[in-house]
1. Among (1) surrounded by fewer than 18 Cβ atoms within 10 Å (Cβ to Cβ); (2) under 28 Å from GLU328 (Cβ atoms); (3) within 16 Å of the ligand (Cβ to nearest atom), which single condition is LYS4 missing?
2. Using the structure shown, decide if GLY250 is modelled with pLDDT under 95 and either closer than 21 Å to ILE40 by Cα or within 12 Å of the ligand (Cβ to nearest atom) (or both).
3. Any chance you could count how many residues in the range 143-170 are assigned to a helix (DSSP H, G or I), closer than 18 Å to GLY209 by Cα and touching a residue at least 40 places away in the same chain (Cβ under 8 Å)?
4. Of the conditions (1) out of contact with any strand residue (DSSP E or B) (no Cβ under 8 Å at 6 or more places or on another chain); (2) assigned to a loop (DSSP other than H, G, I, E, B), ALA236 satisfies every one except a single condition; which number is it?
5. Looking at the range 203-247, which of its residues are at positive phi and within 20 Å of the chain's Cα centre (by Cα)?
6. When you scan the range 269-325, how many residues do you find that are small (Gly, Ala, Ser), under 19 Å from GLY52 (Cβ atoms) and away from the ligand (no atom under 16 Å from the Cβ)?
7. Residues in the range 203-229 that are part of a loop (DSSP other than H, G, I, E, B) and either closer than 21 Å to ALA320 by Cβ or within 15 Å of the ligand (Cβ to nearest atom) (or both): how many?
8. May I ask you to list the residues in the range 183-202 that are part of a strand (DSSP E or B) and within 16 Å of ASN158 (Cβ to Cβ)?
Amino acid sequence: MAIKTLEWIDNKLRLIDQTMLPEVEGYIECQTKEEVFEAIQQMRVRGAPAIGIAAAFGVVLGLFHSQTTDYRSFRQEAEQVIHYLRLARPTAVNLFNALNRMQQVIEQNKNMEVADIKIALLTEAKMILEDEKRASQQMGDFGAQLLPQECTILTHCNAGALATAEYGTALAVIYRAVEQGKIIKVYADETRPLLQGARLTCWELMRAGIDVTLICDNMAASLMRKKLIDYIFVGADRIARNGDTANKIGTYNLAVLAKYHGIPFYIVAPTSTIDNNIPDGEYIPIEERAPEEITQWGNRRIAPNNVKVYNPAFDVTPAALITGWITEEGLRQPPFT
Ligand code: MRU
């Protein structure tokens, strides 16, 4: 059965709570913009495209109960809601691209009744969801064409159905290749510190009956040296115009290792992950998260009290280390305009 990462049901945003996986397949329902904000910030919903979709529905929820019928005051309220949601997480540009699309609906429909603008906003949020679904399928098709009949792929973090609306980005390539009858073996990095690889990628690939083996992040080099990896496919949170790509911390390590071992290293991401406003990776804001993500293992402390901690959630891989970018438009090379 398909994974229902995000759904709009009965005027609520229903999300699979990714903090509970793999032990519990639990769902939450967001009815306010604050609940959507919390879900994004606490990573109940995560992965660049999924964050963007959730934020778009957050705008709908934030304006649903607005009492005003005056366009100017509605627009002011909308700006506040959109500004609020922009602060949920800083790195994945899909959040900002989706919110910009919602903002445009308000700008472009000045002459409509406020009640009709609310309907247009809901339509736009649903369209963002559908656009991401379609992009996932197309990326899967383009990526699968690159693969031979049998190969082994290493992936990092979770770039699957849980990170998008359907299929995923990097994992869409794997799902599609397997559908085509190719024999694909996957190694999944556990992805410290929040273990998206262990908790989420392994869960969703096993659910789909795909051959997946979990490794610790620091084992990747050794596998490459033993020639156990043919390709690396990962997702992205923000791609600069020159192709520098931010993704989950640890991606850059893999890219350097891939170069050394001569392994093709592909980014799979929809065009909603491209940031046309920045020339290179230096401009990508990198989220730093709470020290407890590193100093605690579940409820157990695994580092001394008051130890200094540095916890960037993403790194930037220079374009020169990337073999190609698979988007819904096909295999691309920078510059991205
Ligand atoms: O912190 P997360 O779990 O939101 O980070 C997610 C990633 O880095 C993914 O690889 C990226 O968003 C691409 S997912 C399609």
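The values are calculated or read from the model by the stated rules, or taken from the named source; none is laboratory data. Keep in mind that this is a model prediction, so the values were computed, not measured. Counting neighbours? That spans all protein chains shown, and the Cβs are built from the backbone with ideal geometry, glycine included.
1. Condition not satisfied by LYS4: (3).
2. Taking the combined requirement at face value, the residue does not satisfy it.
3. Within the range 143-170, residues that are assigned to a helix (DSSP H, G or I), closer than 18 Å to GLY209 by Cα and touching a residue at least 40 places away in the same chain (Cβ under 8 Å) number 3.
4. So ALA236 meets the others, but not (1).
5. Hit for the range 203-247 is GLY243, nothing else.
6. Qualifying residue count for the region: 0.
7. 1
8. The answer is VAL186, TYR187, ALA188, ASP189.
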